[in-house]
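Have a look at the structure below, then the notes.
Read-outs throughout are calculated quantities, based only on the coordinates presented, and are distinct from any laboratory measurement. Bear in mind that the values here come from a model prediction, so they are computed numbers and not experimental data. Here the Cβ positions follow ideal geometry from the backbone for every residue, glycine too, while neighbour counts run over all protein chains shown.
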């Protein structure tokens, strides 16, 4: 049973192609919602990305408001080798990671 549960665990890092697909899906969703093209330059992923950082970027993109003209600050985490620590309860994710744009 232990072996089975270990095989189901999510990987800590994500391959560049899968990371690129996840970011593209989030960007495509928001671009469609806002009726705008996906902003360029699009984040380019060339190395494995920390799963948590990738998820934070994707969530920040989908929670962004229109118009979609740039990427949220959370997407800088795509280029950090270490996963972001837990976000403190008093930290406003929306203000810092979503509304702050690159």
Per its Cα gyration tensor (rounded if a/c is under 1.5, else prolate when a/b beats b/c, else oblate), the stretch 13-99 is best filed as oblate
Ranked output for segments 17-26, 30-39, 51-60 by mean other Cβ atoms within 10 Å, highest leading, reads 51-60, 17-26, 30-39
